[in-house]
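All remarks here apply to the structure that follows.
The values are calculated or read from the model by the stated rules, or taken from the named source; none is laboratory data. Model, not experiment: these values are computed from the prediction. Cβ placement follows ideal geometry from the backbone for every residue including glycine, while neighbour counts extend to all protein chains displayed.
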Amino acid sequence: MIRRFLLMMVMAVSIAPLVPAQVRAEEPALAHMVFFTLKDRTPANRDALLAGCKKYLNGHEGTLYFSVGTRAEEFKREVNDLEYDVALHLVFKDKAAHDKYQDAPRHLKFIEENKSLWGKVRVFDSNLALESAK
């Protein structure tokens with residue numbers, strides 16, 4: 001019994017450095033997904049919003065993942081939401097990084113310069129338990 005316990009402890013200590021620190025962290029990562037519906041749903045407005053996201057919202061401290069793109073129009077199943085034009089995906093290392101981003105001058109500048117483009121914005125924030133893909 002003691003031998004088995006010691007073996008498990010040795011394995012845990014030897015594997016710990018291989019697991020990303022974020023996965024071991026006490027506080028979960030935070031996914032911040034934002035879906036924009038444009039007032040005028042033109043390709044030019046869509047491209048302008050994409051450019052604004054790339055210019056102002058990428059590279060903030062504490063960001064683990066950033067991507068922005070357009071709705072995949074080929075998906076039109078009953079479960080697909082068709083009421084947005086641009087999707088922004090950010091994953092922050094924790095809630096504190098997210099909160100800092102919300103007040104960051106670049107984020108506020110993005111809102112100031114781009115809010116005239118959107119008619120509706122939906123935000124989905126969720127806590128994540130990060131695991132390696134299988």
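Out of 70, 63, I need the residue that is under 14 Å from residue 31 (Cβ atoms) and β-branched (Val, Ile, Thr). Which one?
Values: 70 fails: under 14 Å from residue 31 (Cβ atoms).
Just a single option satisfies the conditions, and that option is 63.
Scanning the range 33-73 for residues that are within 17 Å of the chain's Cα centre (by Cα) and more than 18 Å from residue 107 (Cα to Cα), which turns out surrounded by the fewest Cβ atoms within 10 Å (Cβ to Cβ)?
Ranking the qualifying residues of the range 33-73, first place goes to 70.
Can you tell me which residue is farthest from residue 27 (Cα to Cα) among those in the range 76-127 that are free of Cβ contacts under 8 Å to residues at least 60 places away in the same chain and assigned to a strand (DSSP E or B)?
Only one residue tops the list, namely 86.
Of the residues 30, 6, which is at pLDDT below 95, surrounded by 10 or more Cβ atoms within 10 Å (Cβ to Cβ) and farther than 20 Å from residue 118 by Cα?
Numbers: 30 fails: at pLDDT below 95.
Answer to the check: 6.
Can you name the residue in the range 111-127 that is aliphatic (A, V, I, L, M) and touching a strand residue (DSSP E or B) at 6+ places or on another chain (Cβ under 8 Å) and, of all such residues, is farthest from residue 99 (Cα to Cα)?
Kept after step one, since they are aliphatic (A, V, I, L, M), are these residues of the range 111-127: 111, 117, 121, 123.
Add one more test, that the residue is touching a strand residue (DSSP E or B) at 6+ places or on another chain (Cβ under 8 Å), and what stays is 117, 121, 123.
Working: 117: 24, 121: 18, 123: 14 Å.
Going through the qualifying residues, I end up with 117.
For the range 74-103, what are the residues that are closer than 18 Å to residue 33 by Cβ, loosely packed, with under 15 Cβ neighbours inside 10 Å and among the aliphatic types (A, V, I, L, M)?
Hits for the range 74-103 are 79, 82.
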